[in-house]
Amino acid sequence: FTNSCLKFLQSRSLSVKQESLFISFISEGFQFLNWRFYYINCFFIGIPSSNLIKAQKSSLNILIKNSNNVNISWIIKNINLQIDSWIYSCSFLDFYWDLSNELDVFLYKLLWGWVKRRHPRRSNTWIYSKYWNYLFGKWRFFVKDIISGKILLIKSHLYYKTRVFRVPNSID
C-alpha cells in the first residue's frame with residue numbers, strides 16, 4: 001500500500017495493517033474489509049468472507065433464540081430489517097444466488113425449530129399449514145398480525161435486480 005492509499009482510508013476512519021495485505025499471487029486472492037477478492041480467468045470476483053456470513057447467521061440465530069415471549073409480528077419485522085440491511089450491503093456480490101439461498105434455508109430451519117418449541121403438542125402438518133403458505137412461486141413463512149390484521153411475510157435474502165428500459169418518445 002502506498003501512503004496515498006493509507007491517507008485515503010484514514011480520512012474515512014478506516015485503518016489497515018500492512019502485513020495483513022501481503023499478496024503473493026492474485027489468483028489466491030486477498031481479504032479486505034470482510035470481503036475476499038480473487039482474479040480468476042480474466043474475472044475479478046468479490047465474495048463476502050466467511051466471518052461476514054457467520055455474523056449474519058448468528059444475528060438471525062440470536063434474534064430468534066431470544067424471542068420466546070415476544071409477539072411474532074415483532075420478530076418478523078426485525079428479521080425483515082436484518083435481511084434488508086444484508087441486501088443493502090451485499091446484493092452486488094458475485095454468486096449472490098447461492099449465498100442468498102443458503103441464508104434462506106438457514107433462516108427457515110431456525111424458524112421451524114422456534115415454531116416447534118412454541119407448539120410442542122401440535123403435529124408437523126398443523127404447524128406447517130399455520131405458518132407456511134405458497135405465495136409468489138415459493139413457500140413462505142407468514143403470520144397474521146393481530147393488531148392491524150395485516151399479513152406479514154418473511155422476506156427472502158434473494159434480491160431480484162431488475163432494470164427498466166424505456167424507449168425514447170422520438171422513436172416511432
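When the residues of region 130-148 are filtered to those that are open to solvent by less than 80 Å² (accessible area, probe 1.4 Å) and over 18 Å from Asn78 (Cα atoms), the one that is modelled with the highest pLDDT is Trp132.
Going by what's in this entry, would Ser27 be described as among the polar types (S, T, N, Q), exposed (fewer than 13 other Cβ atoms within 10 Å of the Cβ) and modelled with pLDDT of 90 or more? Reasoning before the result, please.
Details: among the polar types (S, T, N, Q): yes; exposed (fewer than 13 other Cβ atoms within 10 Å of the Cβ): yes; modelled with pLDDT of 90 or more: no.
When the stated conditions are applied, Ser27 does not pass them.
Taking region 88-111 as the range and being loosely packed, with under 14 Cβ neighbours inside 10 Å and among the aromatic types (Phe, Trp, Tyr) as the test, the residues that pass are Tyr88, Phe92, Phe95, Trp97. I need the full set of residues from region 36-87 which are touching a residue at least 60 places away in the same chain (Cβ under 8 Å) and open to solvent by less than 50 Å² (accessible area, probe 1.4 Å), in order please. Residues satisfying the conditions are Ile72, Ser73, Ile76, Ile79, Asn80, Ile83, Trp86, Ile87.
The values are calculated or read from the model by the stated rules, or taken from the named source; none is laboratory data. All figures in this text were calculated on a predicted structure; none of them were measured in a lab. We place every Cβ from the backbone using ideal geometry, glycine too, and count neighbours over all the protein chains shown. The accessibility values were calculated without ligands, DNA or RNA, using every heavy atom of the protein model including side chains. Shrake-Rupley method; radii C 1.70, N 1.55, O 1.52, S 1.80 Å.
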